[in-house]
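Contents: one structure, followed by commentary.
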Amino acid sequence: MRSRQSALRLSALLGLMGFCLPAAAAGLLQVYREALVNDAQYMAARATLEAGREKLPQGLAGLLPAVGATAGTAWNENRYHTGGQPSWRRDYNTHSYSVNLTQPLFRWQNVVRYGQARWQVAQAEAVFAQASQDLILRVAQAYFGVLYAQENLAAVRASKQAIAQQLAQARKNFEVGAATITDTHEAQSRFDLASAQEIAGENDLEVKRYALRAIVGKEMSELGRLRAEAKLLPPDPASMEAWVEAAENDSFRVQAQQAALEVAQREVERARAGHYPTLDAVASYGRNDGLSSASSGGGLQTDSRGIGLQLSIPIYEGGAVGSQTREAIANRAAAQSLLENARRAATLDARQSFLGVVNGLAQIEALNAALVSSISALESNRLGYEVGVRINIDVLNAEQQVYLTRRDLAKARFDTLLAQLGLKAAVGALGEGDLERIDPLFEP
């Protein structure tokens, strides 16, 4: 009995300890996986893909036989009149049904449509792949946006706290006659400005959290912060032209537009096929139950079977085929221009992202050095203020520089990470594995 009570107390204690422990921060990979099942835009893209895949069986249906059946019944009332004889009537039912089969032998527009359907499916696949990459970028952008807003707010609050201390010290020095009222006014001005920046920072953080929640579908209480020692790697390969060439050929937007051009080309062929004859193999079977004659009143059952070829030759359809062909040709020209635009946009994205990574790494290195220098300058100014060779405004400026440098460093690191993901997306190579690679850079 005692052992059971001890076990219950231990279980309750462990439960209380687990309840008191802080919840683990959500990493970038975890947030992305939440978005996979909750993001409305991604879910719509997935449904659109499923709809696009149905183009293939629809195109194949035009090459397969079509079978149809009809059935009917009718009530017949007949009145007969012959010379001077009294009229008489005959009422009866007739029943009929038939089954018809049509197998296309030559319908060029159906053959073209089947080939067109393959490219429509390829287009849908490429569009969905691009949507998957866009989800990663949107999650990363929203995630980094929250983290940067937190860094910015933390810097503003730290600056405000330091200014408050300097304000209190300036007031004390003024009261004892060790400083002028100017120092107090300067500190008060800085404190008021920091208060306004704090309000703006809190508002920005809330907006960034709402943006992330719109993607994930729920509130993420705490996010993993980027480790201070996290090392970001340069692009591999290190040649911009290699990335540009890959983007021009492998970008999912380019692939989708290439497929759209193929669809448009086959639409021209399909429109022209409206002038071509069609040949079908047809077979039918039918049965009709009715009255053999009015005089005998006996029933008659008729069975009919038929098999043959049916040739149809279009001669003139009011100019519709010619108009549809011209429309398809114009749409093909538009698709060619859109393909060229997609290639140019892909190369531009690759160049911008590559430069964003390279310049971002250089900026991070420079800001790290600037942070070390600004911290040293702050310590020197504080020491100078204590011995009377520096004034209060010098210390405030040095503190402000430290916080601004830390904020700029955080932004440079987030922007560089986002540029790395954007560079992979530009060449159609961005996937969940890239998030798995950078997820350890964040604190759990």
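Figures for the structure shown
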quantity	calculated
Which listed residue is part of a helix (DSSP H, G or I), under 29 Å from G27 (Cβ atoms) and not hydrophobic (A, V, I, L, M, F, W, C), from N359, N397, N381	N359
Long-range neighbours under 9 Å by Cβ, at least six apart or interchain, first residue surrounded by fewer than 13 Cβ atoms within 10 Å (Cβ to Cβ) and at pLDDT below 80 within region 83-97, second of a type in the set (K, R) and assigned to a strand (DSSP E or B)	S87/R79; W88/R79; R89/R79
Hits in region 362-394 - residues which are within 27 Å of Y148 (Cβ to Cβ) and touching a residue at least 24 places away in the same chain (Cβ under 8 Å)	Q363, I364, L367, N368, A370, L371, S374, I375, A377, L378
Within region 339-350, considering residues that are surrounded by 16 or more Cβ atoms within 10 Å (Cβ to Cβ) and of a type outside the set (K, R), the one farthest from W243 (Cα to Cα)	L339
For G318: the one exception among (1) at pLDDT below 95; (2) surrounded by fewer than 16 Cβ atoms within 10 Å (Cβ to Cβ); (3) under 30 Å from A398 (Cα atoms)	(3)
Scope region 95-144; condition in a strand (DSSP E or B), in contact with a Leu (Cβ under 7 Å, 6 or more places away or on another chain) and hydrophobic (A, V, I, L, M, F, W, C); matching residues	L105, F106
Residue in region 260-281 that is more than 30 Å from V67 (Cα to Cα), free of Cβ contacts under 8 Å to residues at least 12 places away in the same chain and not in a strand (DSSP E or B) present	no
Top-ranked residue of region 15-74 - restricted to ones that are polar (S, T, N, Q) and not in a helix (DSSP H, G or I), ranked as modelled with the highest pLDDT	T70
Positions within region 150-183 being within 17 Å of G27 (Cα to Cα) and either without any contact (Cβ under 8 Å) to a residue 12 or more places away in the chain or crowded, with 20+ Cβ neighbours inside 10 Å (or both), in sequence order	E151
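Conditions (1) free of Cβ contacts under 8 Å to residues at least 24 places away in the same chain; (2) over 18 Å from Q420 (Cβ atoms), marked per residue:
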{"site": "L212", "(1), (2)": "no, yes"}
{"site": "K218", "(1), (2)": "no, yes"}
{"site": "S221", "(1), (2)": "no, yes"}
{"site": "P235", "(1), (2)": "no, no"}
{"site": "S239", "(1), (2)": "yes, no"}
{"site": "A242", "(1), (2)": "yes, no"}
{"site": "E245", "(1), (2)": "yes, yes"}
{"site": "N249", "(1), (2)": "yes, yes"}
{"site": "Q257", "(1), (2)": "no, yes"}
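The values are calculated or read from the model by the stated rules, or taken from the named source; none is laboratory data. Computed from a predicted model, the values in this text were never measured in an experiment. Because the Cβ atoms are built from the backbone with ideal geometry, glycine has one as well, and the counts that use them run over all protein chains shown.
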